[in-house]
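Each reported figure results from applying straightforward, stated rules to the coordinates on display, with no laboratory input. Computed from a predicted model, the values in this text were never measured in an experiment. Here the Cβ positions follow ideal geometry from the backbone for every residue, glycine too, while neighbour counts run over all protein chains shown.
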Amino acid sequence: MITLPPSRLPGVGTTIFTVMSALAAEQQAINLSQGFPDFPADPDLLNHLTQAVLSHKNQYAPMAGLARLREGIAALTERKYGRKTNPDLEVTITSGATEALFDAIAALVRPGDEVILLTPAYDSYGPAVLLNGGKPVYVPLSFPNYRPDWEQIRRAITPATRAILINSPHNPTGAIFHENDIQELKRLVEDFPIWIISDEVYEHIVFDGQDHLSVSRYPELSERAFVVSSFGKTFHVTGWKTGYCVAPASMTEEFRKIHQFNTFCSPAPLQEALADILDTPRKVDELSGFYQQKRDTFLSLMQGSKFRPLPSQGTYFQLMDYSEISREKDTEFCKWLTIEMKVAAIPVSVFYPDETDHKVIRFCFAKQEETLKAAAERLCKI
C-alpha cells in the first residue's frame, strides 16, 4: 500500500477561525470570532459587480491584475502616502492578502533562511515560511500594550536572517506602529541587510485621529519592502479574497514569478468592480470613522461587565482580559463562552507558537449594532 510522504506541516491542524466558526454555527451562537462583517457590502460596489458580469467581463484577467485597478491602487498609494508607484511594474493583484504574503515570502526565502515574526502573529505567517524551507524566528510583542521590543528584535538577527514581517494595524491585538517604531525599523535595515514584508490589510481602519504609518511613506523602507493590502477588509467583502502587493519593480518581478504559478490571476469581474469603486475616494476615507463608531459602541455596551478591554487603535478587533471571570486556559474559556453563553470569540494564545496565555480573547466588532447589542447583553450577564 502506498503511503503519503511525511507532512510538510506536521504541527498544523485546522485553523482556529474554522474551528470557532463551526462551533458557533453548531451552537447557534453569535459569532464574534472570525473577522468578517455581518452587514451587506456597499450597494454601489455590488452594482459595479453586476454591471461587470452582465457586460461579459468574465474571462481571465491579466496575470498582474486589471490595468485600471492597478492604476487606481497607484493613485490611492500616492494620495495616502505620497509614494509614486508605477502600476505596470510595481503593483500586483492577488487572490487575497494571504496569497500576497505567501508570494512575498516565497520570493525571498531560501532553505535555511530565517524570518523574524512578531507574536502574537497571524497564523499564516509561520507555515508560509516553513513551506519555503525557512525558519520562523518568533519575537514576542510586549504585554499588555503589544509594543515591539526593538532591542530583542536586534538580538534575534543572525547572518541567516532574510526578512522581518511586520503587521500594523495588528491582528489580533489592534495595536499600531508609532513614529518611534518606524525610526527603529529604519535603523534596523541600515544596520542589517534584511528585507521587509509589511502586512497592512487594515491600513484604512485606524482610530482616534491617528495616522497609519505605512512603510510606503518612507523611501528607505519601501525600497526593500513588499507592502500587502486587502480589498476584502476595506470594502467589507472578505469572501471576494482580493488583495494586492506594492513593491519595487525588481522585487515585483520575482513576486510575479511566484504569483503566476500560484493563482495566475484573480477574478476579472471583482477587479472591474473594485476599479470602479476606487473612483470614489470617500469610500476609503470614511472607513476609520465607520469602524471607530462600532468599536465605541461595543465598548459602551460592555461597560459594567467583568471583561477588561485592552486598547484597540486599529483593525476591527477588540481584545478583552477575562482574568476576573476565570483562570481557565483561553481556548477552554472560548469553548465555554460559545457553548454556555452563545457568543464565540478567538483565544489569543493560538497566535503564539508556545501558546502563551495572558487570559485575553479577541472579539470582532465588524457587526451590525443589533448583533453587538445581543452579544454584549449575554457577556454582561457573566
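Summary of computed values
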{"item": "Over the chain, relative contact order from alpha-carbon pairs under 8 Å, at least 6 apart, %", "result": "25"}
{"item": "Net length gained if the chain between ARG187 and GLN210 were fully extended (0.36 nm per residue, minus Cα distance)", "result": "6.0 nm"}
{"item": "R0 of 45 Å, Cβ-Cβ distance ASP285-LEU4: FRET efficiency to nearest 0.05", "result": "0.35"}
{"item": "Length gained when the stretch GLU369-ASP354 is fully extended (0.36 nm per residue, less Cα-Cα span)", "result": "1.8 nm"}
{"item": "The chain, dipole about Cα centre (Lys/Arg Cβ +1, Asp/Glu Cβ -1), debye to the nearest 20", "result": "380"}
{"item": "Per DSSP, loop chymotrypsin sites (Phe, Trp or Tyr not before Pro) in segment 222-304 with at most 14 further Cβ within 10 Å", "result": "PHE261, PHE264"}
{"item": "Eligible lysines near LYS186 by straight Cα distance, threshold 27 Å, same-chain separation 8 or greater", "result": "LYS80, LYS84, LYS135"}
{"item": "Modelled label reach - GLN260, point 7 Å along Cα→Cβ, segment 64-90 residues with backbone N closer than 19 Å", "result": "64-68, 70, 87-90"}
{"item": "Rel. contact order, % - alpha carbon contacts under 8 angstrom, at least six apart, segment 59-280", "result": "29"}
{"item": "Using a Förster distance of 30 Å, the FRET efficiency for PHE143-ARG110 (Cβ separation, nearest 0.05)", "result": "0.35"}
{"item": "Euclidean distance of C-alpha centroids, segment 165-238 and segment 40-91, integer Å", "result": "21"}
{"item": "Chain lengthening between LEU54 and ARG217 when straightened (0.36 nm per residue, less Cα-Cα)", "result": "54.8 nm"}
{"item": "Computed [θ] at 222 nm, helices only, for the chain once each DSSP H run of length n ≥ 4 contributes -39500 (n - 2.57)", "result": "-11500 deg cm²/dmol"}
{"item": "Sequence-distant aspartates and glutamates (8 or more away, or on other chains) whose Cα lies within less than 14 Å of LYS373", "result": "ASP38, ASP296"}
